[in-house]
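Chemist: This is the structure I have questions about; it appears just below.
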Amino acid sequence: MPFNRYLKTLTQLLNPCEKAKGVDRLSPAADIVDYEKIGRQVGELNRIYVNNEPFPHVVIDDFITPQAVDTLLTAFPAAESGVQKRDNTAQTDGGKRAQFRKVGVKDESKLDPVIRQFLLELNSGRFLSLVSQISGVDALIPDPSFRGGGTHQTLRGGLLRVHADFNKHPVFQLDRRINFLMYLNKDWDDSYGGNLELWDEGVTACQKRILPIAGRVVIFSTTSTSFHGHPEPLNCPEDMTRKSIAMYYYTNGRPESEGSEAHATLWPNMPGEG
Amino acid sequence: MYFRVHFGLNKCGMVRFKGGCMGLRKWMRSKSRSSIEHWSDKPLIDYSGLEEFALSNGVNYRRADPFPHIVIDNVLDPQVANRLAEVFPEPEAGPWSKREAKSDTGKDAQVAKYDFSLGRKYTDYEMGLNPLVRNLMLELNSNTFLVFLQKLTGIRPLINDPRMWGGGLHQTLPGGLLRVHTDFLKHPIYNIDRRINVLFFCNKGWEPEWGGGLELWSKDMKDCRKTVDPVSNRMVIFDTTDSSYHGYTKPLACPQGTSRKSIAMYYYTMPDSVGQAPNAVTAWQDLPSEL
């Protein structure tokens, strides 16, 4: 190919808007992920991810812009709306409360088109390839049905006990490998709590607390010992909720080193509960 | 790169805006624009009648001759379909791979066919696609569409492939063809079984005499039982098996400067513990006239 034509081709490729009209820009959610910016950091993010304690994870701040947070918040389903699914019945084997005052939507057809488009973006090939680069886990498969994921929010007083996630998709029988959590909580004060806690594999002590502030993303490996939760009752004002978007990524099979029987969510005893 | 300051069209003719969806929506309302430009307010596919369609056509799909399939017209709003045909990337723009293949018997299997996919490559370049094209593919990978496919075909639970292995965008230039074949049936990265093909044609103003109709051949490869013209806004859905023979066998007679354009989406299930081992690669067939 002559160099000039190559250059033209490249330009067209990098500037898809060259021929595009307004009609092609379907959703304000389509541009939210800045692949170029994050793409430049994947090497460093991967280094942090694989070496992190207590299990492989990375925290990325300003994953999306404050404007993008606003866009998503405008479209975020209201906690009291009828589309919300609420399950406060989950209990540990010992009969303790596992989750409380937490609601969520996983049925994308019930979501605002802006949030829906964003979730479709998070399941796109380009995004999966980014998550693979950051985590080092290849051949990721998305779950368009958002099993256990989608939009989550917890009301004042609510909590999510420390747990390890279900490790097999109950419908597809795929192996759950990666959790992607994005927080959308503007003006979230330390005193409100709701920190994502990462615990050691023996569930003896919390190793890390991550405040769920707007634009912050946590990506971590999902195994039978990646214990996490926000077990302290939320202390935010009555008119606020702890909002997040949760995406889970799968592979067909997992490394033998992580090998374990298929299980539902594990709710271990906490220190002192015996 | 985005959230530029002003409202309106930039030099590329693309809407730039600031302030998130409320800003855009308010701006759209203030301009009283045509319905197509409100598309951010709803999915690209109107699903309202699709569940009923799937339930009432499931039997037709399964009983279709020569293998389970269905042809659906007017899938998208006509304005969107027209726009899609306009913004479909030209074969010289972007990382198209020219596919020229021969069958085991040395006959032309793919001629002048270009793929915008080839597995890993697709994810590297998909951001260069026109957003409308890419968003349609995201839509076809959404749960709502997968549920529709499951109800129509009875095959479940379906897994989509965001990498578009072997699929994505296809176009064939004048003189090109695609020999009758069965598809590869195993995803080489995910190791899952390919079950359903969805083809969507983006050929505005396609004349019947240009050829390029999708031919569906009988299980014994004796005769072509059905030909589906690749006209704009038409979707063909069919079971992908080791006997779903299909292709377009005659060199395309469309004029220079045009091409036969389609979007190809493949859907998978986890491998069955029972049943035959699927063939791994595309299996090109001899036509009766060639034997």
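Chemist: Mind telling me which of the residues A:Gln133, A:Gln67 ends up being open to solvent by 10 Å² or more (accessible area, probe 1.4 Å), at pLDDT 95 or above and assigned to a helix (DSSP H, G or I)?
Modeler: Answer to the check: A:Gln133.
Chemist: Assess whether B:Arg163 counts as being open to solvent by 10 Å² or more (accessible area, probe 1.4 Å) and closer than 21 Å to B:Ile72 by Cβ.
Modeler: no
Chemist: Turning to a different aspect of this structure: In contact (Cβ under 8 Å) with a residue 60 or more places away in the chain, open to solvent by 30 Å² or more (accessible area, probe 1.4 Å), touching a helix residue (DSSP H, G or I) at 6+ places or on another chain (Cβ under 7 Å) and not basic (Lys, Arg): does that describe A:Asn235?
Modeler: yes
Chemist: Mind listing whichever residues of region B:188-221 are in contact with a Gly (Cβ under 9 Å, 6 or more places away or on another chain), in a loop (DSSP other than H, G, I, E, B) and under 19 Å from B:Val281 (Cα atoms)?
Modeler: B:Pro188, B:Ile189, B:Asn191
Chemist: Considering (1) more than 11 Å from chain B (Cβ to nearest Cβ); (2) in contact with an Asp or Glu (Cβ under 9 Å, 6 or more places away or on another chain); (3) modelled with pLDDT of 95 or more, say which one A:Gly148 fails and leave the rest.
Modeler: Failing condition for A:Gly148: (3).
Chemist: Going residue by residue through region A:139-148, is there one that turns out to be over 17 Å from the mean Cα position of the chain (by Cα), of a type in the set (D, E, K, R) and surrounded by fewer than 19 Cβ atoms within 10 Å (Cβ to Cβ)?
Modeler: There is no residue in region A:139-148 that is over 17 Å from the mean Cα position of the chain (by Cα), of a type in the set (D, E, K, R) and surrounded by fewer than 19 Cβ atoms within 10 Å (Cβ to Cβ).
Chemist: Pick from region A:91-120 the residues that are crowded, with 17+ Cβ neighbours inside 10 Å and of a type in the set (Gly, Ala, Ser): which of them is nearest to the other protein chains (Cβ to nearest Cβ)?
Modeler: So the residue we want is A:Gly104.
Chemist: Something else about it: Quick one: count up the residues across region A:238-253 that are crowded, with 21+ Cβ neighbours inside 10 Å and either within 26 Å of A:Leu211 (Cβ to Cβ) or of a type in the set (S, T, N, Q) (or both).
Modeler: The total comes to 8.
Chemist: Kindly check whether there is at least one residue in region B:176-187 that is over 29 Å from B:Asn60 (Cβ atoms) and among the β-branched types (Val, Ile, Thr).
Modeler: no
Chemist: Hey, any hits in region A:35-52 for a residue that's facing another protein chain (nearest Cβ under 8 Å), modelled with pLDDT of 50 or more, surrounded by fewer than 20 Cβ atoms within 10 Å (Cβ to Cβ) and part of a helix (DSSP H, G or I)?
Modeler: Taking every residue of region A:35-52 in turn, at least one turns out to be facing another protein chain (nearest Cβ under 8 Å), modelled with pLDDT of 50 or more, surrounded by fewer than 20 Cβ atoms within 10 Å (Cβ to Cβ) and part of a helix (DSSP H, G or I).
Chemist: May I pose another question? Can you tell me which residue in region B:131-160 is most open to solvent (accessible area, probe 1.4 Å), limited to those that are assigned to a loop (DSSP other than H, G, I, E, B) and at the interface with chain A (Cβ under 8 Å from one of its Cβ atoms)?
Modeler: It comes out as B:Pro157.
Chemist: Could you please find all residues in region A:125-145 being among the aliphatic types (A, V, I, L, M), at the interface with chain B (Cβ under 10 Å from one of its Cβ atoms) and on the phi < 0 side of the Ramachandran plot?
Modeler: A:Leu128, A:Leu130, A:Leu140, A:Ile141
Chemist: When you look at B:Asp242, is it of a type in the set (Asp, Glu), in contact (Cβ under 8 Å) with a residue 60 or more places away in the chain, closer than 30 Å to A:Arg177 by Cβ and open to solvent by 10 Å² or more (accessible area, probe 1.4 Å), yes or no?
Modeler: Criteria not met by B:Asp242.
Chemist: Need pairs with beta-carbon distance below 6 Å; first residue facing chain A (nearest Cβ under 9 Å) and within region B:68-96, second small (Gly, Ala, Ser); sequence gap 6+ or separate chains.
Modeler: Going by the 6 Å Cβ cut-off, the qualifying pairs are B:Gly94/B:Gly128.
Chemist: Just need a number here: residues in region A:240-263 that are part of a helix (DSSP H, G or I) and small (Gly, Ala, Ser).
Modeler: The qualifying residues number 1.
Chemist: Determine if region B:101-121 includes at least one residue that is open to solvent by 10 Å² or more (accessible area, probe 1.4 Å), within 22 Å of B:Thr241 (Cα to Cα), facing chain A (nearest Cβ under 10 Å) and out of contact with any strand residue (DSSP E or B) (no Cβ under 6 Å at 6 or more places or on another chain).
Modeler: no
Chemist: Can you find even one residue in region B:164-185 that is touching a strand residue (DSSP E or B) at 6+ places or on another chain (Cβ under 6 Å), within 21 Å of A:Arg126 (Cβ to Cβ) and at the interface with chain A (Cβ under 7 Å from one of its Cβ atoms)?
Modeler: No, that holds for no residue.
Chemist: Hey, another quick one. Would you be able to tell me the number of residues in region A:211-232 that are part of a strand (DSSP E or B) and either of a type in the set (Val, Ile, Thr) or surrounded by fewer than 17 Cβ atoms within 10 Å (Cβ to Cβ) (or both)?
Modeler: Of the residues in region A:211-232, 4 are part of a strand (DSSP E or B) and either of a type in the set (Val, Ile, Thr) or surrounded by fewer than 17 Cβ atoms within 10 Å (Cβ to Cβ) (or both).
Chemist: With the checklist (1) within 14 Å of chain B (Cβ to nearest Cβ); (2) within 29 Å of A:Ser129 (Cβ to Cβ); (3) open to solvent by 10 Å² or more (accessible area, probe 1.4 Å) in hand, flag the one item A:Glu256 doesn't pass.
Modeler: The single condition A:Glu256 does not satisfy is (1).
The values are calculated or read from the model by the stated rules, or taken from the named source; none is laboratory data. Quick caveat: nothing in here was measured; it's all calculated off a predicted structure. Here the Cβ is made from the backbone with ideal geometry for all residues, glycine too, and neighbour counts use every protein chain on show. Calculation scope for accessible area: heavy atoms of the full protein, side chains included, ligands and nucleic acids excluded. Shrake-Rupley method; radii C 1.70, N 1.55, O 1.52, S 1.80 Å.
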